[in-house]
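Single-structure report; data block below.
The values are calculated or read from the model by the stated rules, or taken from the named source; none is laboratory data. The shown structure was predicted, so the numbers you read here are calculated from the model rather than taken from an experiment. Ideal geometry is used to build each Cβ from the backbone, glycine not excepted, and the neighbour counts take in all protein chains shown. The accessibility values were calculated without ligands, DNA or RNA, using every heavy atom of the protein model including side chains. Shrake-Rupley method; radii C 1.70, N 1.55, O 1.52, S 1.80 Å.
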Amino acid sequence: LSGATLLVPVLELAVVLHIDLLRQAASEAVATRLSPAICAAAWALAESHALPELEAASRAEALCSFESLVRMGVISAMPLQRLCSLLRDDGLCAASEESIFDAVCGWYNARRPRVTEDDVAQLLSLVRFPLMSAAFITERVMVAPLMQSHQAKDQLTRALLAEAALSSPISTRW
């Protein structure tokens, strides 16, 4: 186990026991030792216990480690609002928008019970469909289970029409 992995339980204990000096020291120590393996847990802990510096550092690590988090299954387990926070950020590091869509599909497929159509539409509004190849949209996006609602298809249509109307390139995430 890494030092940061061992520090998270110390931080949790400091929070529960209301030991502010230990809480602050452990929070700072975790923030300086973040890795993909612990950033999601640290983010959740920071969010639930009002640790803004650790929350920002954990989120930054998640943005930089998105592909690793997908491979480790962390993105699939992430709460909707945290995933939306990542997808909304231009600093999200991903190989392509196709890989981001695949991650969203993995997140959707892991949901039990299924999420609402509004939640799916919220996620899809953050995917930059115009950056995807036409072949990918036809072969993968249109047949994906999360794309079967009218709201999901509306998000795709809106994104593609907005890009066509703009005639200026969309910014990339990387």
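Would you rank ASP89, ASP154, ASP20 by solvent-accessible area, highest first, keeping every protein chain in place and using a 1.4 Å probe? Working shown, then result.
Values: ASP89 40, ASP154 70, ASP20 100 Å².
Greatest to least solvent exposure: ASP20, ASP154, ASP89.
Give me the angle, in degrees from 0 to 90, between the Cα long axis of helix 150-166 and the longest principal axis of the Cα atoms of the chain, rounded to the nearest 10.
Helix 150-166 sits at roughly 80 degrees to that axis.
Of all the accessible heavy-atom surface of the range 68-174, with the other protein chains kept in place and a 1.4 Å probe, what percent is carbon and sulfur? Walk me through the numbers on the way to the answer.
Values: 3120 of 5480 Å².
Accessible surface attributable to carbon and sulfur in the range 68-174 totals 57 percent.
Over all distinct Cα pairs, what is the inverse of the mean 1/r for the chain, reported as the Kirkwood hydrodynamic radius in Å?
Details: mean 1/r = 0.0575 Å⁻¹.
The answer is 17.4 Å.
Nothing charged except the Cβ atoms of Lys and Arg (+1) and of Asp and Glu (-1): what's the magnitude of the dipole of the chain about its Cα centre? Round to the nearest 20 debye.
Details: 14 positive and 19 negative charges, 64 e Å.
Value, rounded to 20: 300 debye.
Using only C-alpha positions, report the orientation-averaged shadow area of the convex hull of the range 79-170, nm², one decimal.
Values: hull surface 23.4 nm².
The number I arrive at for the range 79-170 is 5.8 nm².
At a 1.4 Å probe radius, which order do HIS18, HIS49 fall into by accessible area, largest first? Before the final figure, lay out each step's value.
Working: HIS18 150, HIS49 70 Å².
Largest accessible area first, the residues go HIS18, HIS49.
At R0 = 22 Å, how high is the FRET efficiency between SER96 and GLN151 if r is their beta carbon distance? Nearest 0.05 is fine.
Values: r = 24 Å, r/R0 = 1.11.
Efficiency computed from Cβ-Cβ geometry: 0.35.
Relative contact order of the chain: what whole-number percent is it, with Cα pairs under 8 angstrom and at least 6 residues apart?
17 percent
Going by accessible area, probe 1.4 Å, with all protein chains left in place, what is the ranking of GLU53, GLU12, largest first? Spell out each step's value before the answer.
Values: GLU53 120, GLU12 85 Å².
Highest to lowest solvent-accessible surface, that is GLU53, GLU12.
Round to the nearest 10 and give me the degree value, 0 to 90, for the angle of helix 3-17's Cα axis relative to the longest principal axis of the chain.
Taking Cα atoms only, the helix is inclined about 70 degrees.
Working out 0.36 nm times the residue gap between LEU22 and HIS49, then minus their Cα-Cα distance, what length gain in nm do you get to one decimal? Don't skip to the end; give the middle numbers.
Numbers: separation 27, 0.36 × 27 = 9.72 nm, distance 1.38 nm.
Going from the current span to full extension adds 8.3 nm.
Using the alpha carbons of the range 1-101, what is the convex hull volume per residue in cubic angstrom, as a whole number?
Values: hull volume 9.4 nm³, N = 101.
Dividing the Cα hull volume of the range 1-101 by its residues yields 94 Å³.
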